[in-house]
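Down below is the structure, laid out as structure tokens.
Read the figures in this text as sums done on the coordinates, not as results from a lab. Just so we're clear, the structure is a prediction, and the values are computed from it rather than from any experiment. Positions of Cβ are generated from backbone atoms using ideal geometry, with glycine treated the same way; all protein chains shown enter the neighbour counts.
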Amino acid sequence: MDFSYSAKVEGLRSRVQAFMAEHIYPNEETYHAQLAAAGDRWQPVPIIEALKPRAREAGLWNLFLAHSKHGAGLTNLEYGPLAEIMGRVQWASEVFNCSAPDTGNMETIDLYGTEAQKQQWLTPLLEGEIRSAFCMTEPEVASSDATNIQCRITREGDEYVINGRKWWSSGIGDPRCRILIVMGKSDPHNTDKHRQQSMILVPRDAPGVHVLRMLPVFGFDDAPHGHGEVVFDNVRVPASNILLGEGRGFEIAQGRLGPGRIHHCMRTIGLAERALEAMCKRALARHAFGRKLAEQGVMIERIANARIMIEQSRLLVLHAAWKMDTVGNKAAKQDIAAIKVAVPNMACQVVDWAIQAHGGGGVTTDFGLAKMFATARTMRIVDGPDEVHRHQLGRLELAKYQPERPNV
């Protein structure tokens with residue numbers, strides 16, 4: 001296994017880093033000032049919209065689509081280090097049209113959509129003309145077990161009728177959100193519980209789609225992106241809006257979530273790197289008890305451990321990406337589960353240490369660390385909670401030692 005970056009990837013890394021240095025980092029204060037001054041927080045932030053054409057002109061647009069003619073043609077392993085760089089600033093990915101949930105939705109339509117669906121929805125998403133949301137989690141059931149999903153997708157003639165309630169529908173707060181991918185039960189009595197579900201495309205403006213509220217994350221509303229609680233009340237869409245076919249929802253989910261977890265984890269590593277950077281700068285600038293914080297043994301130890309943990313996590317994610325590229329998502333499921341547990345937990349610890357180094361300032365919004373912690377902590381739930389991934393990992397590990405059944 002050789003994780004050294006190819007000349008192509010090194011070139012892209014240099015270009016993304018240069019773009020970040022010239023356009024993203026200098027505009028962090030501008031972003032927050034514009035968001036704070038906005039009369040309506042649920043509108044696109046001007047600085048992001050101003051930077052998108054520059055990213056396109058620089059050839060840094062839609063980098064995420066692995067093995068696709070619509071993207072940069074990068075593998076998961078090649079895209080990983082680019083996602084890490086973007087993850088250093090939490091709003092940067094949108095500038096490159098590489099932000100969730102649009103990335104996962106574009107991958108889903110690209111992989112499983114019909115040509116008509118691609119023309120209607122994938123093309124404007126790739127162009128950055130519209131945004132999207134993914135509606136899977138539900139408030140009334142434990143959605144960590146997706147077989148619990150209760151939202152109904154019922155065939156009536158040439159239409160499907162959708163009824164149910166979803167929440168944590170990220171992206172639905174954006175006024176540019178035009179399309180939702182909804183997962184629900186189309187065949188609740190199927191004896192195969194993994195064939196009961198389907199995914200379907202639902203226009204945001206379809207009659208019966210009601211956003212009840214936007215959900216805060218540790219007090220952050222994540223405007224203008226946001227996470228909504230949504231009711232589908234007899235929503236009717238053409239039967240042609242079904243993705244791949246009835247009963248294929250779990251199949252699509254597995255194809256969607258594998259690359260998405262790589263993206264989430266690499267962005268989270270970028271976040272952890274930024275937190276460590278802030279911790280080091282703070283430790284060198286502040287004095288306590290007659291010495292710099294950087295001269296205190298506990299601070300030196302935390303900085304060292306943070307570096308070790310970040311490097312371990314990065315290698316683990318690159319290994320998972322390499323496995324996905326070489327043997328496929330299904331064969332790499334153990335590696336994907338491992339990174340989904342390891343990386344957010346690492347980031348929570350590194351950001352926590354950075355907060356501690358900043359004292360009372362660390363828990364304010366002044367240094368961005370509180371938002372980092374909210375993001376890192378949420379990642380322990382997004383795309384499946386730690387417990388589910390650990391359970392899968394444990395079972396896969398135990399299976400290696402199960403006695404073989406004798407041939408009869």
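Think of it as helices only: each DSSP H run of n ≥ 4 in the chain is worth -39500 (n - 2.57), and spread over all residues that comes to -14500 deg cm²/dmol at 222 nm. Cross-link check: pairs K69/K193; K69/K371; K69/K323; K118/K371; K281/K323 evaluated at a Cα-Cα cut-off of 25 Å; pairs beyond the cut-off: K69/K193; K69/K371; K118/K371; K281/K323.
In plain terms, the chain from H32 to K52 could stretch by 5.5 nm, reckoned as 0.36 nm per residue minus the Cα-Cα distance. Oblate is the label for region 132-243, because the ratio a/c of its alpha-carbon gyration tensor axes (a ≥ b ≥ c) is 1.5 or higher and a/b is not greater than b/c.
Work out, step by step, the length gained on full extension between H287 and V327: first 0.36 nm times the residue separation, then minus their alpha carbon distance; give nm to one decimal.
Between H287 and V327, full extension yields 9.2 nm more.
The phi-based Karplus calculation (6.51 cos²θ - 1.76 cosθ + 1.60; θ = phi - 60°) puts the 3J(HN,Hα) values of region 328-342 at x, 4, 5, 5, 9, 4, 5, 5, 5, 4, 5, 5, 5, 8, 5 Hz, whole numbers, x for Gly and Pro.
As a size descriptor, the averaged projected area of the C-alpha convex hull of the chain was calculated at 23.3 nm². For I172, the shell of other residues with beta-carbons less than 15 Å away shows a net charge of +1, using +1 for Lys and Arg and -1 for Asp and Glu. Across region 34-73, the residues whose backbone nitrogen lies under 18 Å from the label position 7 Å along the beta-carbon direction of K118 are 62-73.
Put in line by how crowded their Cβ is, counting other Cβ atoms within 10 Å and starting with the fewest, K118, K400, K8 read K400, K8, K118. In sequence order, region 301-313 has phi-based couplings of 5, 5, 5, 5, 5, 4, 4, 4, 5, 5, 5, 4, 5 Hz under the Karplus curve 6.51 cos²θ - 1.76 cosθ + 1.60, θ = phi - 60°, and Gly or Pro positions carry x.
Sequentially through region 194-202, phi angles give Karplus couplings (6.51, -1.76, 1.60; θ = phi - 60°) of 8, 10, 7, 9, 9, 10, 9, 8, 10 Hz, Gly and Pro residues having no value and appearing as x. Taken about its Cα centre, region 7-113 carries a charge dipole of roughly 220 debye when the Cβ of each Lys and Arg holds +1 and the Cβ of each Asp and Glu holds -1. For V230, the amide hydrogen comes within under 5 Å of the amide hydrogens of K166, W167, L212, counting only partners 5 or more places away or on other chains and with H modelled in the peptide plane.
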